[in-house]
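Okay, structure first, notes after.
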């Protein structure tokens, strides 16, 4: 894993020096992150990078994971879908299951941090253990139009936190606690985003039996209905009538997502008649994801809802032209017709893909602008700074804080 | 960093009402955010109100009037807020149909406020030579703070660089040069390069 000094070549030494200054202001504080899975999904991915880097900056950072059985994660997946506005049948027993597992975690997890940083709804009930320490709740989900029954259930917990953090302005609502906007980030030096040689890219394509004889359109995402993989196939089929191309749908599943394999089967069924559609169930292999993104001519993220959509930042960092839905945190990353193309439907996605495949110079310019935007706003160094400022805000309530 | 307020507007009338009542830190955020987010080239008009009114409500004329509000002329957020509010008020009076337009779900204007943390960095300059070397090294955030935030948010008479050059080095001519250009019309990297060029020219004589 890259050390903090290695980022200086990308963002400048002064940025790293400033991060160290902020780290010094947090000396003596223990920051304890708690989430529901150590691998898979965006939250675990970010924490895997953030925790060692925060430690290197002098912030005593720990990471604990709650426990939960299949029943619990089925319920939290339902909550997740419902918070994204999807219709879900949620019954009283679901809330009971949630509280039973939460109670076991309340009894077994030691919340020793000076700052306890809870990620997403799964561990939210741990707030019952709050004493004089500071508690943060980080919502990584698009809650712009949530199922109110679930949201109100969570609100009983949220209001007990010191502050909440959301990834996009549209997710905020009036709360009696402070709430901050902190979009997530990508790590430019990780296996998923670092520069790769053409040999590595070619070897990954060979491994999955993908020939570079026609343009590659790709969506890399968990097999999840909210990522609309079926919609991507429909958009591709419309493009294919006019431009010969191939589609790759690649992704894995997360430990806390029991629905993933079911969706994968539906996608395979939809794709089985077209030999130019490649469905890849990737193991946790970031280098392969990186290579596939770099091999693509157009990268798609046609999500129906999106907490943030880090795959868009990953694609733009590689200066690739992107077609993505205008949902969640995606419009923060893509300014339409400047750093990518936004869409609202299958038809819109297919039109945008066609446009990019037939106008390579335009596609290139969008990709270049996108990379610059990601460099300025969505790299892990910005995220580290925001988190340290967030921790400092717990001890300073003013709008202008002088740290001498 | 950005603090969310949960306040949102879907019409011009709601936007105006909230502009009048939100904290000054919100007005500051929505007239300065673009500077830090687009450091090299800027695809957006220089304030969020103008962008939303033009792109979401389709009121191009009012958008243009707000884009051209000369922020450098205002020495306090209070004055800037009044100018923005009165520009919208006059437009609403002259174009009553604009009251009927509203943003689609998901395209509302969300009010955000800026929270600033000010801390000394490791970089110190005692003369122009050191100053120009430090200017080349410091983060864009430091440039931003000394040019924009010090003047408008901390209500200093000019930007920090011009103030220091005049009062500590006694070079009024150079100070005037640095305080005379409009920093809102360039990106932060261009601004850094402009100041470096002006100071280097002065050093050579």
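Worth pointing out:
- Consider the range A:304-322 and keep the residues that are in a loop (DSSP other than H, G, I, E, B) and either modelled with pLDDT of 95 or more or assigned by TED's automatic domain parsing to the domain that holds residue A:43 (or both). The one that is nearest to residue A:370 (Cα to Cα) is A:319.
- Here the condition is being within 14 Å of chain A (Cβ to nearest Cβ) and surrounded by fewer than 14 Cβ atoms within 10 Å (Cβ to Cβ); of B:140, B:112, B:122, B:118, it holds for B:122 alone.
- The helices (runs of 4 or more DSSP H) found entirely in the range B:16-112 that carry 3 or more residues being closer than 30 Å to residue A:383 by Cβ are B:24-37, B:48-51.
- Per-region count, the range A:159-175, residues closer than 17 Å to residue A:102 by Cβ and surrounded by 21 or more Cβ atoms within 10 Å (Cβ to Cβ): 1
- Residues of the range A:332-345 include at least one that is free of Cβ contacts under 8 Å to residues at least 12 places away in the same chain, under 18 Å from residue A:301 (Cα atoms), within 11 Å of another protein chain (Cβ to nearest Cβ) and touching a strand residue (DSSP E or B) at 6+ places or on another chain (Cβ under 7 Å).
- Options A:186, A:220, A:201: the member that is away from chain B (no Cβ under 13 Å) and in contact with a strand residue (DSSP E or B) (Cβ under 6 Å, 6 or more places away or on another chain): A:220
- Failed criterion for residue A:189 (all others in (1) touching a helix residue (DSSP H, G or I) at 6+ places or on another chain (Cβ under 8 Å); (2) part of a loop (DSSP other than H, G, I, E, B); (3) surrounded by fewer than 18 Cβ atoms within 10 Å (Cβ to Cβ) hold): (3)
- Unmet criterion (only one of (1) in the same structural domain as residue B:8 (by TED's automatic domain parsing); (2) closer than 30 Å to residue A:23 by Cα) for residue B:83: (2)
- Residue match in the range A:251-259 (condition: over 21 Å from residue A:324 (Cα atoms), in contact with a strand residue (DSSP E or B) (Cβ under 6 Å, 6 or more places away or on another chain) and surrounded by fewer than 17 Cβ atoms within 10 Å (Cβ to Cβ)): no
- Only one of A:43, A:51 that is without any contact (Cβ under 8 Å) to a residue 24 or more places away in the chain, outside any strand (DSSP E or B) and more than 30 Å from residue B:134 (Cβ to Cβ): A:51
- Applying the criterion of being out of contact with any strand residue (DSSP E or B) (no Cβ under 7 Å at 6 or more places or on another chain) and farther than 21 Å from residue A:140 by Cα to the residues of the range A:313-331, the residue that is farthest from the other protein chains (Cβ to nearest Cβ) is A:318.
- Against the criterion of being assigned by TED's automatic domain parsing to the domain that holds residue A:49, more than 26 Å from residue A:3 (Cβ to Cβ) and out of contact with any strand residue (DSSP E or B) (no Cβ under 7 Å at 6 or more places or on another chain), residue A:206 does not qualify.
- Qualifying position, being surrounded by 15 or more Cβ atoms within 10 Å (Cβ to Cβ) and within 14 Å of another protein chain (Cβ to nearest Cβ), among B:88, B:77, B:71, B:84: B:77
Matching residues to (1) closer than 24 Å to residue B:141 by Cβ; (2) touching a helix residue (DSSP H, G or I) at 6+ places or on another chain (Cβ under 6 Å):
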position	(1), (2)
B:1	yes, yes
B:10	no, no
B:26	yes, no
B:47	yes, yes
B:53	no, yes
B:60	no, yes
B:64	no, no
B:73	no, no
B:79	no, no
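- Inside the range A:192-203, residues that are assigned to a loop (DSSP other than H, G, I, E, B) and exposed (fewer than 15 other Cβ atoms within 10 Å of the Cβ) make up a count of 3.
- Verdict on residue A:90 being crowded, with 21+ Cβ neighbours inside 10 Å and touching a residue at least 60 places away in the same chain (Cβ under 8 Å): no
- Criterion violated by residue B:161 - all others in (1) modelled with pLDDT of 95 or more; (2) within 19 Å of residue B:184 (Cβ to Cβ); (3) assigned to a loop (DSSP other than H, G, I, E, B) satisfied: (3)
- Here A:389, A:357, A:379 are screened, and the one residue that is away from chain B (no Cβ under 11 Å), touching a strand residue (DSSP E or B) at 6+ places or on another chain (Cβ under 9 Å), under 17 Å from residue B:36 (Cβ atoms) and modelled with pLDDT of 95 or more is A:379.
- Residue A:206 being modelled with pLDDT under 95, more than 16 Å from the chain's Cα centre (by Cα) and surrounded by fewer than 19 Cβ atoms within 10 Å (Cβ to Cβ): no
- Subset of the range A:1-42 (residues that are under 30 Å from residue A:124 (Cα atoms), crowded, with 16+ Cβ neighbours inside 10 Å and within 11 Å of chain B (Cβ to nearest Cβ)): A:19, A:22, A:25
The values are calculated or read from the model by the stated rules, or taken from the named source; none is laboratory data. Because the structure is predicted, anything quoted here is derived from the model rather than measured. So basically every Cβ, Gly included, is an ideal-geometry build from the backbone, and we count neighbours across all protein chains shown.
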